[in-house]
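The values are calculated or read from the model by the stated rules, or taken from the named source; none is laboratory data. All figures in this text were calculated on a predicted structure; none of them were measured in a lab. When we count neighbours, we look across all protein chains shown, and the Cβ atoms used for this are built from the backbone with ideal geometry, even at glycine. Surface accessibility is based on the protein's heavy atoms, side chains included, excluding ligands, DNA and RNA. Shrake-Rupley method; radii C 1.70, N 1.55, O 1.52, S 1.80 Å.
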Amino acid sequence: MLVSKQFLRDFAYIANFYGWNAADVEDAKAQTRANPAEMRRYWSELAAAHRAGYRQTRENNYMRLQQWIQLYGAGTAPNG
């Protein structure tokens with residue numbers, strides 16, 4: 001499966017953000033291979049949202065990613 005350099009950066013960002021071990025990375029790769037279009041979009045949106053400040057916290061009632069994207073866009077901070 002060929003992927004862009006940006007996707008590789010996004011995937012690595014998420015793996016580091018969540019502290020994935022080698023088995024976690026392999027599982028995520030297998031999920032991505034099984035459903036490439038959907039999972040590539042998901043990892044990239046998740047990385048962009050986290051870079052913009054997305055977190056699931058008690059204060060935001062553990063906001064789901066899709067709600068964040070609807071409110072702010074994947075790469076936009078709430079205050080930006």
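When you look at residue 22, is it of a type in the set (A, V, I, L, M, F, W, C) and modelled with pLDDT of 95 or more, yes or no? For residue 22, the condition - of a type in the set (A, V, I, L, M, F, W, C) and modelled with pLDDT of 95 or more - is met.
Residues in segment 41-54 that are open to solvent by less than 90 Å² (accessible area, probe 1.4 Å) and either more than 9 Å from the chain's Cα centre (by Cα) or not aromatic (Phe, Trp, Tyr) (or both): 44, 45, 46, 47, 48, 49, 50, 52, 53, 54. Consider segment 1-40 and keep the residues that are of a type in the set (Asp, Glu) and under 22 Å from residue 52 (Cα atoms). The one that is most open to solvent (accessible area, probe 1.4 Å) is 38. Residues that are among the aromatic types (Phe, Trp, Tyr) and within 14 Å of residue 40 (Cα to Cα) within segment 1-29 comprise 7, 11, 13, listed in sequence order. For beta carbons closer than 8 Å, sequence separation of 6+ or different chains, a first residue in segment 24-37 that is farther than 9 Å from residue 1 by Cβ and a second that is open to solvent by 50 Å² or more (accessible area, probe 1.4 Å), the qualifying pairs are 24/18; 28/20.
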